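Taking it in order: structure first as C-alpha cells, then the write-up.
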Amino acid sequence: MRTVLFVDDEPSILNSIERMYLERDDIRCLFVSSGQEALDILDREEVWVVVSDYLMPNMRGIEFLSRVKARRPHTIRIMMTAYADLSIAIDAINKSEAFRFVTKPWNNKELMEVVDEALMRYHLIESLGTEDETVYLSLAQTVELKDPYTKGHCDRVAKYAVALAKDVGLDGEQLEVIKHGSWLHDCGKIGVPERVLNFPGRLNEDDMESVMQHPRWGAEVARQAKMSEGVINIILYHHEQYSGTGYPSGLKGDNIPIEARIVAIADVFDALYTDRPYRKAYSFERVLDILKEMTPTHFDPELVKRFIPLAKKEGENNE
Ligand SMILES: [Fe+2]
C-alpha cells in the first residue's frame, strides 16, 4: 500500500493534512508528532514517502531526514518549512537529505502534487531495482498508458535499436542494455502530467520545460535504483543531438554514448512512422527522407547509413 508518513509536532497541522487526505483512499496516511516515533514506524513497515516538519523539539527535521536516509534509503523525503527557514531547506536539498520542500502555510493542491510525484518516484525506484525484465516492460507500458499514441512504442524502439546494435557488432550484455534502455528510455515521463503529454498543440514554456526534464528525472531514478551505466546513458542522453544541439547536456558527436546514439535513431524513426496527437503517421518513404534530412544535426551519420537498410527490411515486412 502506498504509505505516506507525516511528522509534525503541531497537532493542528497534522489535523488539517489528515482532513485534506480524507478522500484519497488510494493512499495510506500515518501521522506522528516526533522524529523518534516516525523512526519506530520505519523500522516496522514499508513507508514510501515521509513528509517532515523542519523545526521540531528534540530531533530536528534535518537530523530526522538524514536518519531516514541511512535507515531506508529508498523512502522519499520531503521537508515542510516556514518561509523564513527557506535557505536552510535549500541547504537540506543540496545535501540531498530532502527530495523537495514545501513551504508553510502550504497550498493543498501543491502539497498533494509533490507527494504524488514522490510516490511515483518511489514506485519507479523499487521497480527498476528488481532486475526483473517483466517489471521493466510493465513499467514501460505504464508510461505508454499516459499517452495512448505511444502504445507499443517502447517495444518497437527496442526491436529497431537491437537490430542496429547487432549490425554494428554489439553483443551479449550490450544488447540487453540496448533492449532495457529502449524500453525504459522515457520512464522519466511518469513525472510529466498527462495533460502535457497529450496536448495537441504547441506547449507553453513551462510545460515544455517539464517535458524536457524527463531524461534527467528518469536517469536520476535509474541511478538510485543502481541500474547499469549503459541503461542510464540511454535514459539520460536519448534526446542529445549529434551536432550538440540536444538536451539535457548538449553533448556532441561521439561524446554521446553509442547506446544513446542508437536508441535516438530508433526512437525518432518509430515516432515518425506512427500517428501522433498532432499529426498522422508519415509514409515509409517519407520517414526515410525525414531521417536523412535530420541526420547532419540529429544523428550519427554512420549509424543512420547502417540503419536505413535495416529499416527497409522492416518496411517490407509491414507491407
Ligand atoms: Fe524521450
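Values in this text are rule-based calculations from the coordinates and carry no lab data. Here the structure is a predicted model, which means the values were calculated and not measured. For neighbour counting, all protein chains shown are included, and Cβ atoms are generated from backbone atoms with ideal geometry for every residue, glycine included.
Can you find a residue in the range 196-203 that is under 21 Å from I178 (Cβ atoms), of a type in the set (F, W, Y), away from the ligand (no atom under 14 Å from the Cβ) and touching a helix residue (DSSP H, G or I) at 6+ places or on another chain (Cβ under 9 Å)? Break it down stepwise before answering.
Within the range 196-203, the subset under 21 Å from I178 (Cβ atoms) is none.
No.
Of all the residues in the range 146-173, those that are closer than 22 Å to M227 by Cα, more than 12 Å from the ligand (Cβ to nearest atom), under 22 Å from the mean Cα position of the chain (by Cα) and not basic (K, R) number 3.
Within the range 1-12, residues that are closer than 22 Å to I62 by Cβ sit with their Cβ atoms under 7 Å from residues that are of a type in the set (F, W, Y) and buried (at least 18 other Cβ atoms within 10 Å of the Cβ), at 6+ positions apart or across chains, in these pairs: V4/W48; F6/F31; V7/F64. Quick one: is P301 under 30 Å from M112 (Cβ atoms) and surrounded by fewer than 17 Cβ atoms within 10 Å (Cβ to Cβ)? So P301 fails the test. Restricting T297, T245 to those that are hydroxyl-bearing (S, T, Y) and in contact with a helix residue (DSSP H, G or I) (Cβ under 8 Å, 6 or more places away or on another chain) reduces the list to T245.
Residue pairs whose Cβ atoms lie under 7 Å apart, separated by 6 or more positions or on different chains, with the first residue in the range 204-221 and within 15 Å of P193 (Cα to Cα) and within 11 Å of the ligand (Cβ to nearest atom) and the second assigned to a helix (DSSP H, G or I) and of a type in the set (D, E, K, R), are H214/K189. Residues being under 17 Å from L119 (Cβ atoms) and either outside any helix (DSSP H, G or I) or under 28 Å from the mean Cα position of the chain (by Cα) (or both) are represented in the range 9-20 by at least one member.
Within the range 225-282, take every residue that is under 25 Å from D171 (Cα atoms) and among the hydroxyl-bearing types (S, T, Y) and give me the one that is farthest from the ligand (Cβ to nearest atom). Filtering first and then ranking leaves S228.
Taking L124, is it surrounded by 20 or more Cβ atoms within 10 Å (Cβ to Cβ) and over 22 Å from E220 (Cα atoms)? Give the derivation first.
Numbers: surrounded by 20 or more Cβ atoms within 10 Å (Cβ to Cβ): yes; over 22 Å from E220 (Cα atoms): no.
Here the answer is no, as L124 does not meet what is asked.
Within the range 56-95, the set of residues being closer than 18 Å to I13 by Cα, of a type in the set (G, A, S) and surrounded by 13 or more Cβ atoms within 10 Å (Cβ to Cβ) comprises G61, A82. Got a number for residues in the range 178-201 being touching an Asp or Glu at 6+ places or on another chain (Cβ under 9 Å), crowded, with 23+ Cβ neighbours inside 10 Å and not charged (D, E, K, R)? Residues meeting the conditions: 7.
Residues in the range 80-102 that are among the aromatic types (F, W, Y) and in a helix (DSSP H, G or I): 1 in all.
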